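Read the structure below first, then the notes.
The values are calculated or read from the model by the stated rules, or taken from the named source; none is laboratory data. Because the structure is predicted, anything quoted here is derived from the model rather than measured. Because the Cβ atoms are built from the backbone with ideal geometry, glycine has one as well, and the counts that use them run over all protein chains shown.
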Amino acid sequence: MKTVINRTRETDATAALLSSGHCLLCGAEELEIVLDLGETGLANNLPAAGACGGEPVFPLRLARCRRCTHVQLADRVAPELLYGHYLYVSSASSTLDRHLRSLAGAIAARTGPGPDGLGRSLDIGCNDGTLAAHMSRLGFQAHGIDPAENLAPLARARGIAVEVDYFGREIARSLRNRLGAMRVLTATNSFPHIPELNGYLEGVAELLEPGGVFVIEAHYLLDLVEQCAFDTIYHEHCHFWRLEPMMALFARHGLEIFDCERLPVHHGQLRVWAQRSGAGARPVSGRVAAQCAAERAAGLDRSEVYGELARKAAAVRRDLRTALDGFRRQGRLVAGYGAPAKASTLAAWCGLGAGDLPWIADRNPLKQGRFTPGTHIPIVGPERMETERPDYLLLFAWNFAEEICAQLPAYRERGGRFLIPVPEVRIV
Ligand SMILES: [Zn+2]
């Protein structure tokens, strides 16, 4: 494993790069770089005007373990830098809010009420409390834990008791002593962020009631490959999960995956249902073996499939640059719409700056007035759409393209078009 050369812009960022060159799952020092996306800023740490140019950038490289075939980032960034001030808010998307409501309903249907009602639930990485609030409305005693200090007041305003901390063995023991065991543990969109999986899963095993369920929703490596969603790779996601390595990991911690479902949310996710091994509470669904077979059929355990992903990512960069250069020559105004985390990866990969896109409109007020990290495209409120009337909007949140197009009927009626970058560049 060659040494990673740190080329961050701030000397104090040197300590923030935690690359160790070993597999986070099996420990083998046999990582093979399968996709090199260059250097990017931290996708959810959007600098304000005064801080532009001072923010650190880090190498962004996808690696596959030659021994256990798990796929992960080769370079990790210290969590304090990633999560201290977090701008992604679950409730900002109505699609996601509806999804989390239906997840709460699905959990209640599976666990059912006991003599003490639906019991206690803990949402790990609870963000602004959207899921916990839906759980609470159904009758769970809902709790949350999240390290982002700026989000805790939002969750508390919904009546959710929130711990500001990282989940792990020690905090799990403390919660069990203070609150009792949990019937339901949930981790939606946070499980791929966990570098230290052993302490985390020991905490899950510690805190879960016998007969309880641990439900994960995570972006799914099969979807990433099928959709060419390379822009969903950023530093927060240190793992790119598929079922087989996850099953082996869980088994080592006394946990058993008994069901799974593919979900259409975000860019496609996998919902995983787990319980204590040998609890006998629920039989293992045939869907688990079928999904493992689908992963092997897609070649996710082999390196060739990632070579193809790298070729497609290069085609997106070439075609997007060609389109933007062409529009500029024609005197057309192209702006961005939506500044999700993946905008940082796409902008950095394609070398986009304020010269290509003068601004990106985003409805989240926490992002307005800030800039894309490393590439410094201004993020503004959606009212800019009316004053400047762009000809084309580059949809960074391409997975919400349908919802966004429906939200902007006036833009469409006056002839505005959408530029969708992934899986391949197209204009609609
Ligand atoms: Zn490994």
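Considering G351, G374, G416, G369, which residue is small (G, A, S) and on the phi < 0 side of the Ramachandran plot?
Values: G351 fails: on the phi < 0 side of the Ramachandran plot; G374 fails: on the phi < 0 side of the Ramachandran plot; G369 fails: on the phi < 0 side of the Ramachandran plot.
None of the other options fit; the residue is G416.
So C52 passes all but one of these: (1) in the same structural domain as G211 (by TED's automatic domain parsing); (2) more than 22 Å from Y220 (Cα to Cα). Which condition number does it fail?
(1)
With the condition kept exactly as written, say whether any residue in the stretch 75-91 is at pLDDT below 85, more than 30 Å from A133 (Cα to Cα) and either of a type in the set (F, W, Y) or in contact with a strand residue (DSSP E or B) (Cβ under 7 Å, 6 or more places away or on another chain) (or both).
No.
So the check is Cβ under 9 Å with 6+ separation or different chains; which pairs have a first residue in the stretch 399-412 that's under 16 Å from E388 (Cα atoms) and in the same structural domain as L333 (by TED's automatic domain parsing) and a second one that's assigned to a loop (DSSP other than H, G, I, E, B) and basic (K, R)?
As it stands, the answer is Y411/R389, since those pairs meet every condition given.
What number of residues within the stretch 204-240 satisfy the criterion of being assigned to a helix (DSSP H, G or I) and touching a Phe, Trp or Tyr at 6+ places or on another chain (Cβ under 6 Å)?
2
With A218, A293, A298 as the choices, which residue is in contact (Cβ under 8 Å) with a residue 40 or more places away in the chain and more than 30 Å from L118 (Cα to Cα)? Before you say what the answer is, go through the steps one by one.
Working: A218 fails: more than 30 Å from L118 (Cα to Cα); A293 fails: in contact (Cβ under 8 Å) with a residue 40 or more places away in the chain.
Every option except A298 fails the conditions.
Mind counting the residues in the stretch 92-114 that are at pLDDT 95 or above and among the basic types (K, R)?
Going through the stretch 92-114 one residue at a time, the tally reaches 1.
Take R328 and decide whether it is surrounded by 12 or more Cβ atoms within 10 Å (Cβ to Cβ), more than 30 Å from D362 (Cα to Cα) and not small (G, A, S).
Details: surrounded by 12 or more Cβ atoms within 10 Å (Cβ to Cβ): yes; more than 30 Å from D362 (Cα to Cα): no; not small (G, A, S): yes.
No, not satisfied.
Examine the stretch 377-392 for a residue that is within 22 Å of P59 (Cα to Cα) and assigned to a loop (DSSP other than H, G, I, E, B), and state whether such a residue exists.
Yes: the stretch 377-392 contains one or more residues that are within 22 Å of P59 (Cα to Cα) and assigned to a loop (DSSP other than H, G, I, E, B).
Test of understanding: among A310, A248, which residue is surrounded by 14 or more Cβ atoms within 10 Å (Cβ to Cβ), in contact (Cβ under 8 Å) with a residue 60 or more places away in the chain and either assigned to a helix (DSSP H, G or I) or under 19 Å from the mean Cα position of the chain (by Cα) (or both)? So that I can check it myself, show each step before the final result.
Values: A248 fails: surrounded by 14 or more Cβ atoms within 10 Å (Cβ to Cβ).
Within the list A310, A248, the selection yields A310.
To keep it simple, each residue is scored yes or no on (1) more than 16 Å from the ligand (Cβ to nearest atom); (2) among the hydrophobic types (A, V, I, L, M, F, W, C); (3) touching a Lys or Arg at 6+ places or on another chain (Cβ under 9 Å).
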{"site": "L17", "(1), (2), (3)": "yes, yes, yes"}
{"site": "C26", "(1), (2), (3)": "no, yes, yes"}
{"site": "E30", "(1), (2), (3)": "no, no, yes"}
{"site": "I33", "(1), (2), (3)": "no, yes, yes"}
{"site": "L42", "(1), (2), (3)": "yes, yes, no"}
{"site": "A49", "(1), (2), (3)": "yes, yes, yes"}
{"site": "L62", "(1), (2), (3)": "no, yes, no"}
{"site": "C65", "(1), (2), (3)": "no, yes, no"}
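Among the residues of the stretch 184-202, write down those that are surrounded by 23 or more Cβ atoms within 10 Å (Cβ to Cβ) and over 22 Å from L82 (Cα atoms).
V184, L185
Within the stretch 113-129, which residues are part of a strand (DSSP E or B) and of a type in the set (S, T, N, Q)? Can you show your working first?
Residues of the stretch 113-129 part of a strand (DSSP E or B): 114, 117, 120-124.
The one that is part of a strand (DSSP E or B) and of a type in the set (S, T, N, Q): S121.
Name the one entry in R252, R242 that is farther than 26 Å from A314 by Cβ, basic (K, R) and within 16 Å of the ligand (Cβ to nearest atom). First the steps, then the outcome.
Working: R242 fails: farther than 26 Å from A314 by Cβ.
Going through R252, R242 in turn, the sole match is R252.
Let's see how each residue does on (1) on the phi > 0 side of the Ramachandran plot; (2) in contact with a Leu (Cβ under 8 Å, 6 or more places away or on another chain); (3) not assigned by TED's automatic domain parsing to the domain that holds I107:
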position	(1), (2), (3)
A152	no, no, no
I160	no, no, no
E163	no, yes, no
R169	no, no, no
A172	no, yes, no
L175	no, yes, no
G180	yes, no, no
A187	no, no, no
F191	no, no, no
